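I have placed the structure first, in the form of structure tokens, so that the comments after it can refer back to it.
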Amino acid sequence: MNNFFNKTLSKFEEIVLSASVIGMAILLIVGVFMRTVMNSSLTFSEEVATALLVLVSFFGLGYCARKGRHITMSIVFDMVSNKYKKVFMIVISLVSALAMAYITYLATLYVLSTKNLGRVTPALQIPIYMMYSVVPIGFLLACIEYIRTFVFNIKDKSNFYITSEIKIPLDAEIKTDLNNLIDSIEQNKKGVDQG
């Protein structure tokens with residue numbers, strides 16, 4: 001179940017995020033071409049690009065939490081033994097989950113207040129709240145990922161989880177910092193998947 005959930009959600013997020021970035025790039029290039037060469041602009045291009053930027057920024061939160069690709073400050077984490085790394089991850093994932101839950105709540109209130117104002121985009125007349133509705137969804141996905149990491153660390157006594165996807169045996173010797181460790185685990189996964 002966990003593997004199916006990870007693969008399905010990761011693939012869906014990868015498709016949405018990739019398509020959004022590609023769409024944004026194409027739209028902005030076409031917009032520049034239209035303004036400079038054709039002397040005419042696409043009135044909707046900035047609105048769509050803004051919506052895609054919001055989508056990429058906030059929908060990607062859960063993906064980054066699952067892959068361990070968010071900003072880390074791991075100086076103390078890197079210096080302690082695996083036993084304490086597990087304790088760190090339990091505390092970090094719990095605090096992060098609580099923070100994401102609270103921000104989800106605040107973002108939902110913001111989206112609802114924006115909906116009540118009835119504001120729409122100038123060119124496409126799309127309700128603003130629809131563009132921003134991805135914000136609480138992204139924070140909720142990140143919250144779920146941190147909760148999963150917390151639960152996995154509590155349940156599994158022989159491993160510690162950096163993310164819900166990345167587990168390390170407690171008896172493993174780690175000779176690198178957290179970011180390099182995540183990179184090497186990802187490289188090993190890619191090698192196993194391709195081989």
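At a glance:
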| quantity | calculated |
| --- | --- |
| Candidate set: the stretch 1-25, residues that are surrounded by 11 or more Cβ atoms within 10 Å (Cβ to Cβ) and of a type in the set (A, V, I, L, M); chosen: the one nearest to Ser164 (Cα to Cα) | Leu9 |
| In the stretch 26-51, residue surrounded by the fewest Cβ atoms within 10 Å (Cβ to Cβ) [restricted to those that are among the charged types (D, E, K, R) and in contact (Cβ under 8 Å) with a residue 12 or more places away in the chain] | Glu46 |
| The stretch 57-108: number of residues that are surrounded by fewer than 17 Cβ atoms within 10 Å (Cβ to Cβ), touching a Pro at 6+ places or on another chain (Cβ under 9 Å) and aromatic (Phe, Trp, Tyr) | 1 |
| Matching residues in the stretch 50-88 - criterion: being in a helix (DSSP H, G or I), aliphatic (A, V, I, L, M) and within 18 Å of the chain's Cα centre (by Cα) | Ala51, Leu52, Leu53, Val54, Leu55, Val56, Leu61, Ala65 |
| Single residue of the stretch 113-132 satisfying the filter (of a type in the set (Gly, Ala, Ser) and exposed (fewer than 13 other Cβ atoms within 10 Å of the Cβ)) that is modelled with the lowest pLDDT | Gly118 |
| Per-region count, the stretch 9-64, residues small (Gly, Ala, Ser) and farther than 22 Å from Ala123 by Cβ | 4 |
| Pair list, Cβ < 9 Å and 6+ apart or interchain, from the stretch 109-129 residues that are in contact (Cβ under 8 Å) with a residue 24 or more places away in the chain to residues that are assigned to a loop (DSSP other than H, G, I, E, B) and hydrophobic (A, V, I, L, M, F, W, C) | Thr121/Phe44; Ala123/Leu42; Ala123/Phe44; Leu124/Phe44 |
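For (1) acidic (Asp, Glu); (2) surrounded by fewer than 12 Cβ atoms within 10 Å (Cβ to Cβ); (3) in a helix (DSSP H, G or I); (4) in contact (Cβ under 8 Å) with a residue 60 or more places away in the chain, each residue gets a yes or a no:
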{"position": "Glu145", "(1), (2), (3), (4)": "yes, no, yes, yes"}
{"position": "Thr149", "(1), (2), (3), (4)": "no, no, yes, yes"}
{"position": "Asn153", "(1), (2), (3), (4)": "no, no, yes, yes"}
{"position": "Lys189", "(1), (2), (3), (4)": "no, no, yes, no"}
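The values are calculated or read from the model by the stated rules, or taken from the named source; none is laboratory data. In this text, all values refer to a predicted model and were calculated from it rather than measured experimentally. Glycine also receives a Cβ, built like all others from the backbone with ideal geometry; neighbour counts cover every protein chain displayed.
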